[in-house]
Each structure stands twice: as C-alpha cells, then as structure tokens.
Amino acid sequence: MAYTALYRKWRPQTFDDVSGQDHIVRTLRNQILTDHVGHAYLFCGTRGTGKTSVAKIFARAVNCEHPNNGSPCGECPSCRKIAAGNSLNVMEIDAASNNGVDDVREIRNQVQYPPSEGRYRVYIIDEVHMLSAGAFNALLKTLEEPPSYVIFILATTEVNRIPVTILSRCQRYDFHRISVQTITNRLTELCAAEKIDAEEAALRYIARVADGSMRDALSLLDQCAAFHFDEKLTYDNVLDELGAVDNSVFTRLLDELAAGDVRACLGELDRAIVQGRELTQMITDFIWYLRSVLLMKAGGPEMADMIGISTENARIVKKQADALPENVLMRYIRVLSELLGTMRLSSQKRVLAEIAMIRLTRPEMETNPDAVLERLEKLEKQMRELPQNLSALAGGLAAGGVPSPAASGNASADTPGPAGGGAAANRPKKVLLPRAEYEDLMEVRNNWRTIQGTVRQPGRAALAGTRVDPAGNGRLNIVFRDKTHYDIVSRSRGSEEGDVLRELSASVAELYQKKMEFTAEYQSDGSDQEIEYGISDEELREKIHMDVEVEDAPEDRQK
Ligand SMILES: [Zn+2]
C-alpha cells in the first residue's frame with residue numbers, strides 16, 4: 001500500500017482545519033458567506049504556512065453547491081471533482097517551471113471562456129515571483145479586466161519581487177509563521193488520530209525545529225515516527241533523529257560565560273566549528289537554551305514541561321537558573337540576538353561570534369550607544385540620589401533629623417529604624433537593596449509565620465499581622481498595625497527574659513545561620529502602601545544600603 005505523507009494526508013480540507021491563520025480565514029470565509037468574492041488575491045508568507053492549502057479550500061468553496069459556513073462541503077459533485085483533480089475550474093500552475101510569456105498567454109486564452117459548470121474558474125499560481133518580466137506584463141493585462149467568473153490566487157514567499165502594478169490589483173494576505181504552541185496542538189491532534197504514541201515534549205521539539213512551518217513540522221514528524229515505528233516517540237528519540245544539538249555544550253558554555261572564562265568559551269566555539277556545526281543555528285539554539293534557563297528561573301521546576309526539556313536536563317538547567325541573576329541572562333540573550341542579526345548578513349560569522357563571546361564575558365566592554373546611555377543614566381541618577389539617601393540615612397539615625405515629605409502623620413515618632421518602610425509610605429516606590437540584604441529580607445518574609453512561632457507568648461500573638469521591611473545595616477523593621485501589639489513588643493525591650501526582638505534575632509540565627517537585628521515600628525491605617533523591593537547591583541548602593549526611588553512626578557516631590 002502506498003504511503004501518503006502526513007502533510008498530504010492532513011492537508012486542511014476546510015477553513016476550520018487551517019491552523020494559525022485566523023485573520024485570513026475569517027476574511028475569506030466572510031467573503032464567501034456574503035458573496036463578495038474578489039478576482040485577484042495575493043497570498044504571501046514563508047513556506048509551509050498554508051498558502052496553497054487555503055487557496056485550494058477557497059477554490060473549492062467558491063464552486064461548492066452547498067458550502068458549510070463558508071467552507072466547501074466536500075460532498076457535492078463540484079467538490080468531489082475538484083478533489084479528484086478532474087475539474088477544469090481549478091488550475092494550479094507552478095510559476096517556477098512555467099514562467100514564460102507563453103504560459104501566461106495560454107491562461108489568457110483559457111479565461112475567455114466561462115466555465116461550463118460551476119461558478120468560477122480559479123487559477124492558483126504558486127511561486128508567482130518566478131514569472132519573467134514579460135509574463136508579469138501578460139498577467140497584468142488579464143488582471144486589469146478579469147472576466148467575472150475568474151479568480152486568480154497568486155502565492156509567493158517573496159512578495160518584494162512582485163511588481164507594484166500587480167500588487168496594486170490584488171487583495172493581499174500575509175500568512176504568519178505558525179506559533180510553536182499552535183503547531184504542537186496540531187501535531188498532538190494528528191498523533192491521536194494516527195495512533196502515534198508521542199511524548200508532548202517530543203512534539204514540542206519538532207514544532208520548534210519546524211520554525212513556523214506546519215508542513216515542515218508534519219514532515220519531521222513523519223520522519224521521526226517512521227524511524228521509531230511501533231515504539232513511543234520520546235523527546236530523546238526526536239533529538240537523536242533530528243540530529244538536534246546536545247544541550248551539554250550549552251550548559252558548559254553558559255558556565256564558562258558566567259565564570260568569565262573567555263578562553264574556554266572560544267574553545268567551545270572552535271570545537272563546534274570543527275564538528276561541522278552551523279554557527280547561526282548554534283547561536284539560535286543557545287538563545288533557546290538561555291530562554292529555558294530564564295523561564296526556569298521565573299517559573300520553577302514545573303516549567304520543565306513547558307520548556308520541553310527532559311527531566312535530566314531540567315535539573316541542570318534549574319541549577320544554572322538558580323546561580324545566575326535574571327539581568328545577566330537577559331543581557332546574554334540581547335547580545336546574542338544582536339549577533340544573530342549581524343551574522344545573517346556577514347561572511348565573517350566566526351569572527352562575529354568570537355567577538356560576542358568576548359563581549360559577554362566582559363560586560364564593561366559594552367560600547368553600543370544603548371549600553372553607554374544606560375550606564376550614563378544610572379550614574380546620573382545615583383548622583384542625584386546620593387545626598388538624599390545619605391541624609392535620609394543620617395536622619396533616621398538621629399530620629400527625624402531630616403524633614404521627609406510624607407512623614408507627616410502616619411509614621412510614629414518613636415520609630416527605632418531609619419527611614420526604611422514608613423517614611424514615605426503614601427508614595428508608590430521601589431526600594432533597591434544589595435543582593436544579600438534582599439535575600440535575607442525575602443527569606444524572613446517568606447518564613448515570617450514560622451519565625452513568629454518560635455517566640456514566646458505574649459510576643460508571638462503580638463507579632464500576628466505584622467510585616468517586615470528592611471531597615472539597613474542588616475536590620476529588619478517590623479511594622480505593626482495594632483498599637484496594643486506594638487506596645488507589647490516595645491515594652492518587652494531590654495527585659496531579661498522575653499525581649500521579643502532579641503528572641504527573633506536568636507531564632508533567625510538558629511534557623512538560617514544569619515545575624516539579623518530587628519526593630520519595631522507602629523503605623524496607623526492608611527499607610528499600607530506596598531513597597532516593592534528589588535536588587536541593586538551597584539557597589540555604591542551597597543555602601544549606602546538603602547536606595548529609595550520615588551516614582552512620582554517631580555512637582556509632587558516639592559510639596
Ligand atoms: Zn461542495
């Protein structure tokens with residue numbers, strides 16, 4: 001029995017079957033439903049995105065005797081005849097092999113006669129950009145005065161090679177690359193119908209390799225399924241079969257980049273080239289790998305499935321995700337994406353890739369205007385904020401030495417902490433902390449209930465409903481909403497047994513092996529402005545220990 005390739009067998013038969021081109025399908029369907037069919041269409045887009053399939057559905061739909069919501073019924077004599085290839089109403093012409101004036105003249109002769117049956121004669125001209133200049137001119141004559149029963153559908157992957165005179169006479173439809181998710185869904189559907197047992201990660205990998213082309217995806221699936229006939233198609237099978245990149249190169253490369261080991265990175269590139277790897281593809285794959293690390297960082301281990309990596313790899317990726325800050329990963333991705341852009345146009349791919357590796361290991365070398373501007377802006381901001389922060393810090397230590405714009409009213413005067421959580425509580429603001437301090441804060445915040453539980457009563461009860469803010473110098477400030485609770489804790493201070501704040505320090509020291517001091521502060525209602533904490537990575541900020549960015553308008557600030 002002859003084997004039909006999956007992409008032929010699963011070519012969409014109705015508009016409902018078309019994946020990922022909803023914008024086009026909707027318009028065409030409406031034209032059929034309202035009987036407003038045009039006479040010249042131009043379908044553009046990369047290969048395998050459904051141009052020919054949609055053209056064929058459209059050709060059958062306009063001739064169908066009882067279309068079903070705009071789609072061909074597939075049952076009527078017209079539909080059957082076209083499907084069997086016996087109809088004179090649908091002509092498919094491959095312009096790549098019929099690109100001369102005579103070929104187009106023949107079309108012109110044919111269109112003089114109305115169809116003997118059915119309503120429309122549809123000419124689907126594939127790869128229309130291949131027509132010669134003379135052929136385009138001949139085609140233009142027909143497009144200028146098309147008989148009412150003729151429809152031209154021109155399909156092309158290179159719309160920029162179509163003469164403007166032709167473009168201006170066509171309704172143009174741009175077919176999008178199909179998303180990985182849409183392709184994966186389609187493959188899943190198809191595997192169920194074909195009884196192909198496949199892991200979701202395997203299908204997702206195929207979808208990714210297909211790079212927006214449904215046809216490629218189906219061909220790749222065909223290839224993998226044939227090779228692993230009668231066994232489950234696993235992610236690892238697919239990797240083997242598609243000769244996909246082994247992730248270990250990227251794991252190593254990322255480690256070496258992070259360690260700033262230029263020599264090792266260049267060695268990695270060299271090995272890859274010696275092994276015959278295509279550099280553009282390698283960088284593309286590396287960007288995908290970095291994306292996986294980034295996603296893993298954002299979403300945790302349950303992302304493994306979504307990223308489409310094996311459990312074994314997920315463990316490794318997770319480890320790298322934990323070790324690298326987000327902004328570093330983002331910078332890697334940015335630099336490598338730029339590299340891809342320049343590499344595509346250059347014959348010196350290797351040199352460019354090497355320079356990028358050096359750039360990645362030497363962040364201070366970045367000289368593109370964006371990076372310089374970014375650094376300049378940061379410096380300026382630091383300069384502006386420097387005196388403010390210093391005085392805020394000093395003011396806090398001297399208990400209210402500096403008038404703070406929003407301090408009127410809600411922060412209690414006997415605040416032991418410096419201008420930390422409460423001072424500008426009514427304003428939306430973001431506070432950047434040195435990394436260590438940020439991590440300590442998050443640790444305590446995340447385990448605050450547990451830590452409270454280690455304190456003796458009545459202190460434990462008094463701590464309920466409190467919040468922890470950073471107060472600089474490794475101290476944390478507990479913010480109370482309840483005056484009575486606050487009083488219990490503040491009165492306990494200095495008492496030999498039952499100093500709540502000291503107990504907390506001791507608990508944290510025991511639980512996390514960290515030395516932290518606690519202060520207490522009472523804030524009445526209306527001051528529950530959420531403060532966002534982030535990590536500051538500048539040394540300067542580490543020295544100041546506190547960096548308040550007020551994110552509202554400057555005129556507000558002067559009030
Ligand atoms: Zn029909």
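For ASP22 and ASP102 in one chain, what is 0.36 nm times their gap in residues minus the Cα-Cα distance, to one decimal in nm?
25.1 nm
Show me, for region 476-486, the HN-Hα J-couplings you get by feeding each phi into the Karplus relation (A = 6.51, B = -1.76, C = 1.60, θ = phi - 60°), rounded to Hz, glycine and proline as x.
Working through the residues one at a time gives 10, 10, 8, 9, 9, 9, 9, 4, 4, 4, 4 Hz.
Between TYR533 and LEU167, how many nm apart are label points set 7 Å from Cα along the C-beta direction?
Label-label distance for TYR533 and LEU167, simple model: 5.6 nm.
Quick one: net charge around ALA464, please, counting Lys, Arg +1 and Asp, Glu -1 for every other residue with C-beta under 12 Å from its C-beta.
Once all neighbours under 12 Å are counted, the net charge is +3.
Where Lys and Arg each count +1 and Asp and Glu each count -1, what net charge lies around VAL101 among other residues with Cβ under 13 Å from its Cβ?
Surrounding charge for VAL101 is 0.
Work out the length of the dipole vector of region 13-90 about its Cα centre, built from +1 on the beta-carbon of each Lys and Arg and -1 on the beta-carbon of each Asp and Glu, and round it to the nearest 20 debye.
260 debye
Among the listed pairs LYS318/LYS349; LYS51/LYS141; LYS9/LYS195; LYS9/LYS232; LYS9/LYS81; LYS81/LYS141, which have their C-alpha atoms separated by more than 26 angstrom in this model?
In this structure, LYS318/LYS349; LYS81/LYS141 exceed 26 Å between Cα atoms.
Cβ under 12 Å from TYR149's Cβ, TYR149 left aside: what net charge do those residues give with Lys, Arg +1 and Asp, Glu -1?
Result for the local shell: +1.
With point charges of +1 on the Cβ of Lys and Arg and -1 on the Cβ of Asp and Glu, referenced to the Cα centre of region 154-194, which listed residue (LEU167, ILE178, ALA192) lies farthest in the positive direction of the dipole?
Working it through, the farthest residue towards the positive pole turns out to be LEU167.
Could you list LYS232, LYS195 so that the one with the fewest beta carbons within 10 Å of its beta carbon is first and the one with the most is last?
Values: LYS232 11, LYS195 6.
Placing the least packed residue first, the sequence is LYS195, LYS232.
Taking 0.36 nm per residue of separation and subtracting the Cα-Cα distance, what length does fully extending LEU511 through TYR3 add?
Taking LEU511 through TYR3 to full extension adds about 176.3 nm, to one decimal.
Select from region 1-105 those chymotrypsin sites (Phe, Trp or Tyr not before Pro) which occupy a DSSP coil region and have at most 16 other Cβ atoms within 10 Å, ordered by residue number.
Within region 1-105, the qualifying chymotrypsin sites (Phe, Trp or Tyr not before Pro) (loop, at most 16 other Cβ atoms within 10 Å) are TYR3.
Between GLU189 and SER524, how many nm apart are label points set 7 Å from Cα along the C-beta direction?
Each label point is offset 7 Å from its Cα along the Cβ direction, giving 6.3 nm.
If you place +1 on the Cβ of every Lys and Arg, -1 on the Cβ of every Asp and Glu, and leave all else neutral, what size is the dipole of region 14-58 about its Cα centre, to the nearest 20 Debye?
180 debye
We did not get these values from a lab; they are worked out from the coordinates using the rules stated. From a predicted model like this one, the values you see are computed outputs, not experimental measurements. In this analysis, Cβ positions are derived from the backbone assuming ideal geometry, glycine residues included, and neighbour counts consider all displayed protein chains.
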